[in-house]
Amino acid sequence: MSRTPQRFYLTTPIYYATGEPHIGHAYTTFLADTVARYHRQAGAQVHFLTGTDEHGQKIQEEADRRDLKPIELCDEMAERFREAWEHLDISYDRFIRTTEAEHIRVVQAFLNRLNDRGLIYEDRYSGWYCVHEERYWTEKDLGQERSCPECGRPVREIEEKNYFFRMSRFQEELIQHLETHPEWIVPKARQNEVLGFLQKPLSDLSISRPRSRLSWGVPLPFDEDHVTYVWVDALINYVTASGAIRPDSPPGEQGFEDVSGSWWPADLHIIGKDILTTHAVYWPTLLLGAGLPLPRKILSHGWWVVGETKMSKSLGNVVDPLELEEEFGKDAVRWYLIREMPTGHDASYTPERFLARYEELANILGNLASRVLSMVDRYRGGEIPSAEADGLAAKEKALVERYREAMDALRVHEALGAGMEMAREANGYVETQEPWTLAKDPNRSRELDETLATLLRSLAVVAGLLFPVMPAKMEELARRIGLDGVPTLEALSSLNLAGREVERGSPLFPRKETEVS
Ligand code: MSP
């Protein structure tokens, strides 16, 4: 089956280098990691990009606050993110920092390209600015509160000379793209939201800041007294990391006309719903302006909330499920976050739901592994018998199909549900086959062999399906059934486990009596 593309380039947002990684960053990154690993499991060559967003006023102010140079703050934070992702088994292929020399040159080449195409002009800007969101707002946006409509913080009035990108020129083309690609943004409601936004006339986009006000940014290649607006700089990271642009080549040969041989266009940008406009309006219009192809898909996920409010450090309402990692292990946290939140929608963290999801791991999957491994031990001296392993073949076929369909449609939570269903089916099969009864009857030895072979196969299938979300535990499970690694989806069809030695070991997901809070 070759529905999945052979090459797959996916990205997370690049995270502001102002604070420590938190649940929001972790969720986006776990989701991307699960999708990346799924595509590798399905045989694709994957390029998985993450990184840090290191320019702009927010960084400069945080560095001032800590009495550091901006680059010192960024060095420290980039390292923190890298460490966190390594610790949490994030299989990224490239970690980009927007302060990298290569990226700075690509941003400048990109801006020169827009300028050469007559898409940049100078004008005065007056309006309101929110440093936290790094966004401009109009008088009307502020509403009665007169604060940032996104985060509620105070805004600053600004009047200055800016360079503008003729974003408005691409309004029609973008609407057309959305209309001809009805599944460009997942979920559908977000696609409609963007179409709704495009009903109003699109304004041009301010792409610069005077250096006199903000020096921490990429200098405009055509006016050194101005630096690039941080969102423009940040979005271009996706192109930098694709290797499509060769900024040191002469204009005309920099790769804007032909991206073949690079990773561009991205197959998937994964973002949170708070940064939908920047990714679904600013970014595609900038790409159209530069003459580059658009990303193939955008997945805009929901928020972890407490009650009705977004969970965020600045709002002071963070319940940190990452702290549960120490007690329950990182794979249990990954499982909870990705399985619990219907991909694309909001979800509310509660300790009760965390425990319920953990119990699913302990009571269904962990229990299946324990009982099957101990039966092979007890009845067959720890060696997997050579016998037909097709007792659950029809269920397996249907569930693998459901899993792939859900993964390909980015209903990741549902795909994981299908993986867990396989374990549930196998537990049911143990009950109906009653291996303990078969073991007492020497005439039914073949039946027992087939039952055990089927169950071992189910464990291999579950390991293959749930590996993307729980890489460490599923590798452990694969090892326990005598495999060198987790089988790919392709390899499952010809998998032969006969003669392998199993290792019983301690429970994969020990039962917990503790309360979580
Ligand atoms: N630097 C920009 C992105 C630039 S991409 C070219 C940025 N950075 S961020 O550090 O604020 O990280 C944002 C990511 O974390 C978003 O995808 C956002 O949705 C996610 N989350 C932050 N808090 C969240 C929750 N409470 N729940 C889920 N994800 C949320 O924006």
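Across region 83-109, the qualifying residues are those that are over 14 Å from the mean Cα position of the chain (by Cα) and under 15 Å from His25 (Cα atoms), and the one among them that is surrounded by the most Cβ atoms within 10 Å (Cβ to Cβ) is Ala84.
Of everything in region 24-35 that's small (Gly, Ala, Ser) and more than 8 Å from the chain's Cα centre (by Cα), which residue is modelled with the lowest pLDDT? That would be Gly24. With a requirement of 2 or more residues that are of a type in the set (Val, Ile, Thr), the helices (runs of 4 or more DSSP H) lying completely within region 133-236 that satisfy it span 171-180, 230-235. Within region 5-22, residues that are assigned by TED's automatic domain parsing to the domain that holds Ala78 reach partners that are modelled with pLDDT under 95 and within 8 Å of the ligand (Cβ to nearest atom) with beta carbons closer than 6 Å, at six or more positions or on different chains, in the pairs Tyr15/His25. Being in contact (Cβ under 8 Å) with a residue 40 or more places away in the chain and either touching a helix residue (DSSP H, G or I) at 6+ places or on another chain (Cβ under 8 Å) or not polar (S, T, N, Q) (or both) is true of Leu268.
All of (1) under 21 Å from Ala234 (Cα atoms); (2) in contact with a Lys or Arg (Cβ under 7 Å, 6 or more places away or on another chain); (3) of a type outside the set (S, T, N, Q) hold for Glu122 with one exception: (1). Taking the stated definitions as given, is Tyr38 more than 24 Å from Trp283 (Cβ to Cβ), under 13 Å from the mean Cα position of the chain (by Cα) and more than 10 Å from the ligand (Cβ to nearest atom)? Answer is yes for this residue.
Can you find even one residue in region 4-23 that is within 15 Å of the chain's Cα centre (by Cα) and in a helix (DSSP H, G or I)?
The answer is yes; a qualifying residue exists.
When Glu340 is tested against (1) out of contact with any Leu (no Cβ under 9 Å at 6 or more places or on another chain); (2) modelled with pLDDT under 95, just one condition goes unmet, and that condition is (2). Evaluated against (1) crowded, with 19+ Cβ neighbours inside 10 Å; (2) more than 10 Å from the ligand (Cβ to nearest atom), Thr18 falls short on exactly one condition, (2). Within region 142-162, not a single residue is under 28 Å from Ala244 (Cα atoms) and in contact with a Gly (Cβ under 8 Å, 6 or more places away or on another chain). As for region 448-468, it holds at least one residue that is at pLDDT 95 or above, buried (at least 19 other Cβ atoms within 10 Å of the Cβ) and outside any helix (DSSP H, G or I).
Checked against the criteria, Val186 does not count as within 16 Å of the ligand (Cβ to nearest atom) and in contact with a helix residue (DSSP H, G or I) (Cβ under 6 Å, 6 or more places away or on another chain). Close Cβ contacts (under 9 Å, 6 or more residues apart or on different chains) running from residues in region 114-134 that are farther than 17 Å from Asp204 by Cα to residues that are of a type outside the set (S, T, N, Q) and assigned to a helix (DSSP H, G or I) comprise Val131/Lys58; Val131/Glu61; His132/Lys58; Glu133/Lys58; Glu133/Asp274.
Residue count for region 190-212, restricted to those that are in contact (Cβ under 8 Å) with a residue 40 or more places away in the chain and out of contact with any strand residue (DSSP E or B) (no Cβ under 7 Å at 6 or more places or on another chain): 4. Just to be sure, is Ile236 among the β-branched types (Val, Ile, Thr), near the ligand (Cβ under 9 Å from one of its atoms), out of contact with any helix residue (DSSP H, G or I) (no Cβ under 7 Å at 6 or more places or on another chain) and modelled with pLDDT of 95 or more? So Ile236 does not fit the description; no. Out of Thr50, Thr12, one residue alone is modelled with pLDDT of 95 or more, within 13 Å of the ligand (Cβ to nearest atom), in contact with a His (Cβ under 9 Å, 6 or more places away or on another chain) and among the polar types (S, T, N, Q). It is Thr12. Against the definition (outside the structural domain of Arg404 (by TED's automatic domain parsing) and either aliphatic (A, V, I, L, M) or under 18 Å from Ser370 (Cβ atoms) (or both)), how does Leu497 come out, yes or no? Spelling it out, Leu497 is indeed outside the structural domain of Arg404 (by TED's automatic domain parsing) and either aliphatic (A, V, I, L, M) or under 18 Å from Ser370 (Cβ atoms) (or both). I'd like to know if region 212-222 contains one or more residues that are surrounded by fewer than 21 Cβ atoms within 10 Å (Cβ to Cβ), more than 15 Å from Val281 (Cα to Cα) and among the aromatic types (Phe, Trp, Tyr). Yes - at least one qualifying residue is present in region 212-222. Only one entry in Lys58, Lys69 is more than 30 Å from Ala415 (Cβ to Cβ), within 15 Å of the ligand (Cβ to nearest atom) and not hydrophobic (A, V, I, L, M, F, W, C), namely Lys58. Listed by first and then second residue, the pairs linking a residue in region 45-67 that is more than 23 Å from Arg156 (Cα to Cα) and assigned by TED's automatic domain parsing to the domain that holds Pro265 to a residue that is surrounded by fewer than 19 Cβ atoms within 10 Å (Cβ to Cβ) and at pLDDT below 95, with Cβ atoms under 9 Å apart and 6 or more places separating them unless they lie on different chains, are Gln45/Gln6. Looking only at region 47-67, decide whether some residue is touching a Phe, Trp or Tyr at 6+ places or on another chain (Cβ under 9 Å), of a type in the set (Val, Ile, Thr) and assigned to a helix (DSSP H, G or I). Among the residues of region 47-67, at least one is touching a Phe, Trp or Tyr at 6+ places or on another chain (Cβ under 9 Å), of a type in the set (Val, Ile, Thr) and assigned to a helix (DSSP H, G or I), which makes the answer yes. Of all the numbered requirements in (1) closer than 30 Å to Asp33 by Cα; (2) without any contact (Cβ under 8 Å) to a residue 60 or more places away in the chain, Gly217 misses one, and that requirement is (2).
The values are calculated or read from the model by the stated rules, or taken from the named source; none is laboratory data. Quick caveat, the model's predicted, so the values are computed rather than measured. Cβ atoms come from the backbone with ideal geometry, glycine included; neighbour counts cover every protein chain shown.
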